[in-house]
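A.B. asks: Sending over a structure as structure tokens; questions will come in a sec.
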Amino acid sequence: MMNLMPPNETISGIFGSISLTAWITVLVPQLHANYKSGSAEGLSMAFLFIWLLGDTANFVGALLTRLAPTAIGLAGYFCIADLVLIGQCLYYKTAKSHPPSVSSTGVDVVSSEQTPLLSSTQQSGPTERSKINLWLSNTLSLFAVGVVGCVSWFATYELGFLGSSETDAPDTEQDSNKMLETVGIMLGYGSAVCYLCARIPQIIKNYREKSCEGLAILFFLLSLTGNVTYFVSLLAYSQEKTYLVNAVPWFLGSLGTVGEDMIVFAQFRKYSGNKETSTLA
């Protein structure tokens, strides 16, 4: 008979699954767009390697500090996505030469956990009715992400792939575990710094240009959803003091990027009357 999971692990798993669904929804279209266009000119190789470094630190740190399983899985997914994007970039750059393509906005598109990836291609500003339809569509999309995330978790649980992860480490392993946890915490702070710093140039750019050109609001909302549900997943997993202390870098990283996303959202609303921004979907 399948063991019942503690309520806190169930809540953590569900929100973690929703977060993973949101990030898959954000990143997969970029991979597909690169494949269809046969180009990755909008991607910065140096930036991708920096993100891979940050995501690797995130993944290893999450393992060493024994964070929520969904947090470890999400970090692993980010590493895989980074490698695929880097692989696409290398492949298309070394393929036979062709005229370089540019993004529809004329601005480099750099994919990351915190940056919405696909920009709008509308040619004229939306009407009031289209704005209402847009927000309705975005709301339904977010609802669908939540439903898919919940269903995916319950399906995985019913198939027996999930179970309680509560374990008590033997006393003889305490010292070695503490050393590993310390290394993991340091890696966690390193990855948090990468994530927090990555958003700042975009915020400054928006402020200087008084525009959020290239920002697709749906993908911004998905990244915000991914960060919020990630934080809830981490917090719900355990309320033990040791776990909470170890998870501080990830709390700071997720809440910090949520704060930065809210700044970008405020910029989007403030500059929505500008010609460049009014074309966004």
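The values are calculated or read from the model by the stated rules, or taken from the named source; none is laboratory data. Fair warning: this is a prediction, and the values are worked out from it, not measured in the lab. Glycine also receives a Cβ, built like all others from the backbone with ideal geometry; neighbour counts cover every protein chain displayed.
A.B. asks: Identify, by number, the condition in (1) at pLDDT 80 or above; (2) outside any helix (DSSP H, G or I); (3) hydroxyl-bearing (Ser, Thr, Tyr) that residue 56 doesn't meet.
C.D. replies: Exception for residue 56: condition (2).
A.B. asks: OK, next. Looking for something farther than 23 Å from residue 66 by Cβ and either at pLDDT 85 or above or of a type in the set (Phe, Trp, Tyr) (or both) - is there at least one such residue anywhere in the stretch 182-197?
C.D. replies: yes
A.B. asks: Evaluate the stretch 55-66: report whether one residue or more is under 18 Å from residue 191 (Cβ atoms) and out of contact with any helix residue (DSSP H, G or I) (no Cβ under 9 Å at 6 or more places or on another chain).
C.D. replies: No, the stretch 55-66 contains no residue that is under 18 Å from residue 191 (Cβ atoms) and out of contact with any helix residue (DSSP H, G or I) (no Cβ under 9 Å at 6 or more places or on another chain).
A.B. asks: Could you please let me know if residue 176 is out of contact with any strand residue (DSSP E or B) (no Cβ under 6 Å at 6 or more places or on another chain), outside any loop (DSSP other than H, G, I, E, B), modelled with pLDDT of 85 or more and of a type in the set (Ser, Thr, Tyr)?
C.D. replies: Considered against the rule, which asks whether it is out of contact with any strand residue (DSSP E or B) (no Cβ under 6 Å at 6 or more places or on another chain), outside any loop (DSSP other than H, G, I, E, B), modelled with pLDDT of 85 or more and of a type in the set (Ser, Thr, Tyr), residue 176 comes out as no.
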